[in-house]
Amino acid sequence: MSTDFFKQRIAPVAKLKRKLAGIGGSLTRKLRNEIGVRGMDSGGSLRRSIKHKTKFRAGYGGVQVSVTMEGYGGFINRNLYAKNPKMPNIEAIMMWMTTKGIEPKEGMTLKTAAYFIAKAISKNGYVVYNKHKKGWIDIVYENEIERLASKARKDVALAMKELSDLEFDWLKLKN
């Protein structure tokens, strides 16, 4: 009968769980920061929608950190566009134009300008931020994976050392 390591109520294990969950939080903060730096979220809804969840599983399942966000974040990441004639939401584009302070050309209404932007997006997709066809999530993830993996290795090694140093009185035989 095997027991789930992460369900043990031992201080070093609880501490390790908190540290591993913090890694997900660190990745979430970096993604939110990148959205702000790039100015990709005028209303702030994409930034607020980014959440992480850390799952701990027994055996070889290990630890899994998943990050979720609004659906259009994936479209912006991969420069995707619909393969059908549906256009993006014109009201959302109008809100973005207003928030960014973008004025339509002379003789054009805000709604008309938003329509032309939506038409261009449905035809050409979103702007890619670099020439390597990598999205902003890919860039952040590549930069963070090495740092976070190193941090996780150190945290696990420290937890294992703390576990080996513990004295389990309840495991000792009584005379």
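Just so it is clear, none of the values below were taken in a lab; they were calculated from the coordinates. Keep in mind the model is a prediction, meaning the values are calculated, not measured. Cβ placement follows ideal geometry from the backbone for every residue including glycine, while neighbour counts extend to all protein chains displayed.
Assorted remarks:
- Counting 0.36 nm for each residue step from R147 to M95 and taking away their Cα separation leaves a gain of 15.0 nm.
- Ranked by the mean number of other Cβ atoms within 10 Å of their residues, highest first, the peptides 135-141, 42-48 fall in the order 135-141, 42-48.
- Placing pseudo-labels 7 Å out from each Cα toward the beta carbon at K55 and F116 gives an inter-label distance of 4.8 nm.
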